[in-house]
Protein chains: 2
Amino acid sequence: MAQTVGRRDVLKGAAVTAAGAAAFPAPAIAEGRMKWRLVTCWPKNFPGLGVGAQRIADRITTMSDGKLEVKLYAAGELVPAFEVFDAVREGTAEMGHDSPYYWSSKNKSIPFFASVPGGLTAQEQIAWIMHGGGQELWDELYGEFGLKAFPAGNAGQQFFGWYRDEIKSLQDLQGLKIRMAGLQAEVLNRLGATTVNLPGGEVMAALQSGVIDAAEWGGSWMDLAFGFYKVAKFCYGPNIHEPGTANSLVVNKAAYDALPASLQMIIQEAAVAEMTNMLSEFVVMNGRSLKSLVEDHGVTIGRLPDDIQKKWFTVSEEVVAETAAEGDINRRIYESWKSFRQQARALAPLSELGFMEGRRG
Amino acid sequence: MAQTVGRRDVLKGAAVTAAGAAAFPAPAIAEGRMKWRLVTCWPKNFPGLGVGAQRIADRITTMSDGKLEVKLYAAGELVPAFEVFDAVREGTAEMGHDSPYYWSSKNKSIPFFASVPGGLTAQEQIAWIMHGGGQELWDELYGEFGLKAFPAGNAGQQFFGWYRDEIKSLQDLQGLKIRMAGLQAEVLNRLGATTVNLPGGEVMAALQSGVIDAAEWGGSWMDLAFGFYKVAKFCYGPNIHEPGTANSLVVNKAAYDALPASLQMIIQEAAVAEMTNMLSEFVVMNGRSLKSLVEDHGVTIGRLPDDIQKKWFTVSEEVVAETAAEGDINRRIYESWKSFRQQARALAPLSELGFMEGRRG
């Protein structure tokens, strides 16, 4: 569900201007109690993502015993979805909940902190961030924007896309107009398709009217809700385009640095705990929704043909490697990530990959 | 590295009596500040597990701004490793850090909250606990012991074992004496081996002297440290016996219930954040240690022969299903887990399994 800034809002109902921002007062500090604003890229109570962001707000408030009261603003309530990054930079809000790859126009390497095509599973992704050198590079990169980010969620499984016609080989992708965005879109373009970047709320209508031939958005849970199965009968996996799409809690660095150690740690732990909490909810709900798609709605989920998969991984390597040429920090992010991925690939047959192959029988 | 209670301590250096306990005062409450004790199954600063438990203690202290000061006791400092469960029940300590399957003698279904043979990956395991009904069943089961538990770590990849002689088929397992414990050991026995349950600190010596022919303990990181490669040249994976070995923070329920909501939430979030933190460290360090085992120590890591894997999954189903006959709660735990696993298996080819197969090329 990658999306880049500069387009209209990512999700239906999020297209509201930032006009409300000016009316909002500076952080209120009374009797040692602070009020912080958490702006998000998600509509109010949006399953998984919005609910998870709300948990972060509530739990920071609870853990701090009300000393740091966090109020959540859905996309458009204070600023539009795609102004979250800038709103936190500028202090319009102290915190934001997003997926980092929305900000790739700010720096081409930001998607490494979300998910890049052919990259890392959700578990590998967070491992690289927390213990593989990723967080340090992220701090350096975001420091230039006056921001500090923490891992704070992951959507898990994603569909490669919903197609009106069956895809039997690479040939069938040629010339198709497909909704996809970010580095993934660039890979798909090089495979012969023509990608279109549409906000989530417009995808269904575009698919229905034939403006696009196929669409990529989220996984079983979100795509069932959007109802893509009603107009596109052929759905494909696995998620070679977004193997583990991470979310983050982005904080205004000056505001964060001014907090006492206790509140800094509360924010960090609330974010990291939500990383697990949100991914867990997606794993459960994606599994439940997949069952519903197949059993209640008669959807056939296909496996992407081998020639597409093979080509996808080859081209992904090129597209991802090109980010390294952007500058020194970009090169170091790419090299750290690449070295970790090599290690993760070697471990996989002895752990998750090997185990799941055996369990499948 | 499953182990059941009633044996000597799980890890070297942990074999100290509980004599120190009596000398320890009741929780000190001065000026609204509490001191809690966290006992663990791990030696002081033990990589991954011990360091992670220390992080939980430190972060609760920091987040609560010292209102709840948690002091960690390594195995043997206050109580021996295998008395952690009872020490927390009885209030000798308020909290413990363990792997739940150490307590399978208390109830045969407790291993479902750690890892069972042929079961769930680390990511699936935590998903079942947090959003698939697992936590509610765990609360009910542990409630009978006056305990409340939170997920609080996972060791990730585990080796199936280190063998003195090459294993080419199921035939080669017949009559071998192998260190393995828990439900896994029962599966291995039914495959024709004779399992021996030895604490971690005794495994290396037993392997060296020929008391055992093969040994299972942990994954790349821990097993490299133990030096098993020095005496057993054949190492096998994947981890079909323990696909995702979880740790938990177990808390005396009466003590927990008496806390204000802010401190309850701080404990919960510290545990869940450590779930991700510890697993991430294991993913990184297991990968790094695997490279060292292969490149620096010339270890050949083999893939378990197909006939062993096939038989393993079949027999695991039987052994795991037998726990359901123990009682009503056991049946409900088994059925909830089984239903979730079916859903997770269906999702795998569209997510981690499918992606990693494609990435392997």
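Quick one: A:Asp307 ticks every box in (1) within 14 Å of B:Ala346 (Cβ to Cβ); (2) open to solvent by 20 Å² or more (accessible area, probe 1.4 Å) bar one, so which box is it?
Against the list (1) within 14 Å of B:Ala346 (Cβ to Cβ); (2) open to solvent by 20 Å² or more (accessible area, probe 1.4 Å), A:Asp307 comes up short only on (1).
Would you be able to say whether some residue in segment A:288-302 is more than 9 Å from every other protein chain (Cβ to nearest Cβ), within 20 Å of the chain's Cα centre (by Cα) and assigned to a helix (DSSP H, G or I)?
yes
Do we have B:Gly201 as modelled with pLDDT under 95 and out of contact with any helix residue (DSSP H, G or I) (no Cβ under 6 Å at 6 or more places or on another chain) here?
yes
Return the residues of segment B:292-304 that are surrounded by 15 or more Cβ atoms within 10 Å (Cβ to Cβ) and free of Cβ contacts under 8 Å to residues at least 40 places away in the same chain; say none if nothing qualifies.
Residue satisfying the conditions is B:Val294 alone.
Condition (residue is away from chain B (no Cβ under 14 Å) and either buried (at least 23 other Cβ atoms within 10 Å of the Cβ) or touching a helix residue (DSSP H, G or I) at 6+ places or on another chain (Cβ under 9 Å) (or both)) applied to segment A:231-241: is it met by at least one residue?
yes
Could you check segment B:234-253 and list, in sequence order, the residues that are under 17 Å from B:Gln158 (Cβ atoms) and charged (D, E, K, R)?
B:Glu242
Out of segment B:189-201, which residues are outside any helix (DSSP H, G or I), touching a Leu at 6+ places or on another chain (Cβ under 8 Å) and open to solvent by less than 30 Å² (accessible area, probe 1.4 Å)?
Across segment B:189-201, the qualifying residues are B:Leu191, B:Gly192, B:Ala193, B:Pro199.
Does B:Leu279 fit the bill of being farther than 21 Å from B:Leu147 by Cα, open to solvent by 10 Å² or more (accessible area, probe 1.4 Å), hydrophobic (A, V, I, L, M, F, W, C) and assigned by TED's automatic domain parsing to the domain that holds B:Arg89?
yes
Among the residues of segment B:49-75 satisfying the criterion of being assigned to a loop (DSSP other than H, G, I, E, B) and surrounded by 24 or more Cβ atoms within 10 Å (Cβ to Cβ), which is modelled with the highest pLDDT?
Looking at the filtered set, the residue picked out is B:Ser64.
Failed condition for B:Glu335, given (1) open to solvent by less than 10 Å² (accessible area, probe 1.4 Å); (2) at pLDDT 95 or above, with all others met?
Against the list (1) open to solvent by less than 10 Å² (accessible area, probe 1.4 Å); (2) at pLDDT 95 or above, B:Glu335 comes up short only on (1).
Among the residues of segment A:77-108, write down those that are modelled with pLDDT of 95 or more, small (Gly, Ala, Ser) and over 14 Å from the mean Cα position of the chain (by Cα).
Matches in segment A:77-108: A:Ala87, A:Gly91, A:Ala93.
Consider B:Thr61 against the criteria (1) within 14 Å of chain A (Cβ to nearest Cβ); (2) without any contact (Cβ under 8 Å) to a residue 40 or more places away in the chain; (3) more than 26 Å from B:Ser262 (Cβ to Cβ): it satisfies all of them except one. Which criterion is unmet?
Failed condition: (3).
Could you please find all residues in segment A:36-48 being open to solvent by 30 Å² or more (accessible area, probe 1.4 Å) and closer than 13 Å to A:Leu78 by Cβ?
Selection gives A:Lys44 alone.
Please work out which residue is farthest from A:Met130 (Cα to Cα), limiting yourself to segment A:253-278 and to residues that are within 7 Å of chain B (Cβ to nearest Cβ), touching a residue at least 24 places away in the same chain (Cβ under 8 Å) and hydrophobic (A, V, I, L, M, F, W, C).
Among those residues, the one meeting the criterion is A:Ile266.
What are the residues in segment A:242-270 that are open to solvent by less than 20 Å² (accessible area, probe 1.4 Å) and in a loop (DSSP other than H, G, I, E, B), if any?
Hits for segment A:242-270 are A:Glu242, A:Pro243, A:Gly244, A:Thr245, A:Leu259.
Cβ-Cβ under 7 Å, sequence separation 6+ or interchain: first residue in segment B:345-361 and touching a residue at least 12 places away in the same chain (Cβ under 8 Å) and within 7 Å of chain A (Cβ to nearest Cβ), partner open to solvent by less than 30 Å² (accessible area, probe 1.4 Å) and part of a helix (DSSP H, G or I). Which pairs?
So the pair list comes out as B:Glu352/A:Glu352; B:Glu352/A:Met356.
Of all residues in segment B:146-188, how many are under 17 Å from B:Trp217 (Cα atoms) and open to solvent by 40 Å² or more (accessible area, probe 1.4 Å)?
3
Quick check on B:Glu281: is it at the interface with chain A (Cβ under 7 Å from one of its Cβ atoms) and either under 19 Å from A:Glu124 (Cβ atoms) or in contact (Cβ under 8 Å) with a residue 60 or more places away in the chain (or both)?
yes
Against the condition among the aliphatic types (A, V, I, L, M), without any contact (Cβ under 8 Å) to a residue 40 or more places away in the chain and in a strand (DSSP E or B), how does B:Leu38 come out, does it pass?
The answer is no for B:Leu38.
Out of everything in segment B:200-230 that is of a type in the set (A, V, I, L, M, F, W, C) and closer than 19 Å to B:Asn247 by Cβ, what residue ends up being nearest to the chain's Cα centre (by Cα)?
So the residue we want is B:Trp217.
How many residues does segment B:112-132 hold that are open to solvent by 10 Å² or more (accessible area, probe 1.4 Å) and more than 9 Å from chain A (Cβ to nearest Cβ)?
Count: 0.
Taking B:Arg331, is it in contact with a helix residue (DSSP H, G or I) (Cβ under 9 Å, 6 or more places away or on another chain), within 22 Å of B:Val187 (Cβ to Cβ), free of Cβ contacts under 8 Å to residues at least 40 places away in the same chain and more than 9 Å from chain A (Cβ to nearest Cβ)?
Yes: the conditions hold for B:Arg331.
Spot the failing condition for A:Met204; the list is (1) of a type in the set (A, V, I, L, M); (2) surrounded by fewer than 18 Cβ atoms within 10 Å (Cβ to Cβ); (3) without any contact (Cβ under 8 Å) to a residue 40 or more places away in the chain, and only one is missed.
(2)
The values are calculated or read from the model by the stated rules, or taken from the named source; none is laboratory data. Nothing here was measured: the structure is a model prediction, and the numbers come from that model. Glycine also receives a Cβ, built like all others from the backbone with ideal geometry; neighbour counts cover every protein chain displayed. Accessible surface is based on the protein model in full, side chains and every heavy atom, while ligands, DNA and RNA are left aside. Shrake-Rupley method; radii C 1.70, N 1.55, O 1.52, S 1.80 Å.
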